[in-house]
Structures are given as C-alpha cells and as structure tokens.
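Shown next, in structure tokens, is the structure this report addresses.
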Amino acid sequence: MSATIPSTHLDLITGPVHAVLTTITPDGRPENTVIWCSWDGQHVLVNTVAGRRKDRNARHNPAVALTAIDPANPLRWVDVRGYVEEIIPDEGNANIDAHTRLYTSFDKFFGGYAAIERRDTEQRVIMKIKPTRVITYPH
C-alpha cells in the first residue's frame, strides 16, 4: 500500500523544516535522528553517509517513521510511516548539495557547510522512503 503527503502539509517535507527520522536498530530499539529531507513526488529523500547508523539500521530493517513539525505552529505536523524502498549513491553529491542550499546559506555541502576534506572519506547515499501511511494535524 502506498500513501502520499497532502498538499496542505507538503511544505513540511520540502523544507527547510528539520524532521526526526526513526529507524530500528538490529536489536529492535527505535533510534531517532534529526535530519534534512526533501520530496521527489513519491519518496521522502534523506541523505546520509554509507555505513552510518541510519544507513545500517535501514539496511537491516527498512521500516521507518518520520515526523516534521511546523516551526511556526507546533500543533501543525506530518507523520510519515513507511519503508526505505531503496538506498542509492548520491552521484556527484547532487542531493546533499540541494539539501545544503535549502537548509543553509551554503551552495555546496563539501567545501561549504562541511570541510572539503570529508569529500574523500565519505560516500553519501540517498534513502528513498516510500510512505505507506501519512498522518497530519490538523487533518
């Protein structure tokens, strides 16, 4: 089953609103991480480094939840439940650069927001989250 994010709350996913992503550790415990995210029309896109906890957790158990709260009105929020349908390389760091431009005053992630030296030590990946249930407030 698939779900979509209603237009009334799409701005909370298209940013720049920080969200909380919940993944499940291999021993079954939930783990929350504050993230940047975006929307491609079918998936919530979350960028991370290959091998980090979010990546490892999602590869072990693709079930995730994501909550974004309107910073101007904390009683307006969207909760997205679903699964990581695929994890793909962030070719040329295009996705993390787009997130950087959206969430910060920098044009590039590496050499702008983050040290340029990190570019050669990190492989960025995109977690493509397929919503299966979307809850909004107000409804």
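When residue 125 is tested against (1) out of contact with any Asp or Glu (no Cβ under 7 Å at 6 or more places or on another chain); (2) assigned to a strand (DSSP E or B); (3) over 17 Å from residue 9 (Cβ atoms), exactly one condition is not met: (1).
Just need a number here: residues in the range 47-89 that are within 13 Å of the chain's Cα centre (by Cα) and outside any strand (DSSP E or B). Within the range 47-89, residues that are within 13 Å of the chain's Cα centre (by Cα) and outside any strand (DSSP E or B) number 3. When the range 7-25 is examined, which residues are found to be assigned to a loop (DSSP other than H, G, I, E, B) and more than 13 Å from residue 62 (Cα to Cα)? Within the range 7-25, 7, 8, 9, 10, 15, 16, 17, 18 meet the criteria. A count restricted to the range 47-93 and to residues that are farther than 17 Å from residue 121 by Cα and either open to solvent by less than 60 Å² (accessible area, probe 1.4 Å) or of a type in the set (Gly, Ala, Ser) (or both) stands at 21.
In the condition set (1) in a strand (DSSP E or B); (2) exposed (fewer than 15 other Cβ atoms within 10 Å of the Cβ), residue 105 is compliant with all but (1). The set of residues in the range 103-129 that are among the hydrophobic types (A, V, I, L, M, F, W, C), farther than 17 Å from residue 50 by Cα and in contact with a helix residue (DSSP H, G or I) (Cβ under 8 Å, 6 or more places away or on another chain) contains only 106.
Looking at 41, 28, just one residue is part of a loop (DSSP other than H, G, I, E, B) and under 20 Å from residue 125 (Cα atoms), and that residue is 41.
Of the residues making up the range 108-122, those that are assigned to a loop (DSSP other than H, G, I, E, B) and open to solvent by 80 Å² or more (accessible area, probe 1.4 Å) are 108, 113, 121. On inspection, residue 72 does not qualify as of a type in the set (Gly, Ala, Ser), over 16 Å from residue 3 (Cα atoms) and touching a helix residue (DSSP H, G or I) at 6+ places or on another chain (Cβ under 9 Å). Whenever a residue of the range 10-39 is open to solvent by less than 10 Å² (accessible area, probe 1.4 Å), its partners that are at pLDDT below 95 and not charged (D, E, K, R), lying with C-beta atoms within less than 8 angstrom and at least six residues away or across chains, give the pairs 37/15. Filtering the range 103-120 to residues that are more than 13 Å from the chain's Cα centre (by Cα) and either closer than 28 Å to residue 63 by Cα or of a type in the set (Lys, Arg) (or both) leaves 108, 109, 118, 119.
The values are calculated or read from the model by the stated rules, or taken from the named source; none is laboratory data. As the structure is a prediction and not an experimental result, all values here were calculated from the model. Backbone-built Cβ (ideal geometry, glycine too); neighbour counts: all protein chains shown. Areas reflect the complete protein model, heavy atoms only, side chains present, ligands, DNA and RNA absent. Shrake-Rupley method; radii C 1.70, N 1.55, O 1.52, S 1.80 Å.
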